[in-house]
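First comes the structure, then the notes that go with it.
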Amino acid sequence: AVLHQCFLIIAVDESSVSVSGCAIDRSVHFVKETALKHKVDFFNRFLIYVLKNEEIFIHKWKELWLLKQKGQIDETDEVFNIWTTRLGEWRYKQLIPLSESPARSALLSTPNEISFTL
């Protein structure tokens, strides 16, 4: 299912099923088809999804510094934790403060200095 028109969650219990190359290929094909259908780029890890006043705002990392300078975003704003690799973590920590996310570096750097580190 596509959550909030932004996120696609795919999970496999690897303790009961092994993931083969064919299954991975099929899942990538499925993700690409779903992305086209919903007009969403699931592969762009340079987007940050900020929840403010129960609305999701999508920003590029390079925009965060400027948004902070304008007072439109700060370290306490909640962002969706798109960096998790475990379903349980997503369930219980899908929203985290921007200060705890890998995108925090974008708040401290000008757009030309931003680096991507996980």
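The values are calculated or read from the model by the stated rules, or taken from the named source; none is laboratory data. Everything numeric in this text was worked out from a predicted model, so none of it was measured. Cβ placement follows ideal geometry from the backbone for every residue including glycine, while neighbour counts extend to all protein chains displayed. Heads up: the accessible areas ignore ligands, DNA and RNA and are worked out on the full protein's heavy atoms, side chains in. Shrake-Rupley method; radii C 1.70, N 1.55, O 1.52, S 1.80 Å.
Tabulated data
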{"quantity": "Backbone HN-Hα couplings from phi across segment 21-34 [Karplus 6.51/-1.76/1.60, Hz, Gly and Pro as x]", "calculated": "x, 5, 5, 5, 4, 5, 5, 4, 4, 4, 4, 4, 5, 5"}
{"quantity": "Environment charge at Lys32 (Cβ cut-off 15 Å; Lys +1, Arg +1, Asp -1, Glu -1)", "calculated": "0"}
{"quantity": "Qualifying GluC sites (Glu not before Pro) for segment 1-88 [loop in DSSP, other Cβ within 10 Å: at most 16]", "calculated": "Glu14, Glu54, Glu75"}
{"quantity": "Solvent exposure of the chain as accessible area per residue, Å², 1.4 Å probe", "calculated": "70"}
{"quantity": "Linear extension gain, Ala11 paired with Asp41, 0.36 nm per residue minus alpha-carbon span", "calculated": "8.9 nm"}
{"quantity": "For Leu95, distant residues with modelled amide H under 5 Å away", "calculated": "Asn81"}
{"quantity": "Structure-derived mean projected area of the Cα convex hull in nm² - corresponding label in (i) 12.4; (ii) 8.4; (iii) 6.8", "calculated": "(ii)"}
{"quantity": "Neighbourhood charge, 12 Å Cβ-Cβ cut-off, centred on Leu51 and excluding it, Lys, Arg +1 and Asp, Glu -1", "calculated": "-3"}
{"quantity": "Apportionment of accessible area to carbon and sulfur, the chain, percent (1.4 Å)", "calculated": "52"}
{"quantity": "Neighbourhood charge, 15 Å Cβ-Cβ cut-off, centred on Ser20 and excluding it, Lys, Arg +1 and Asp, Glu -1", "calculated": "-2"}
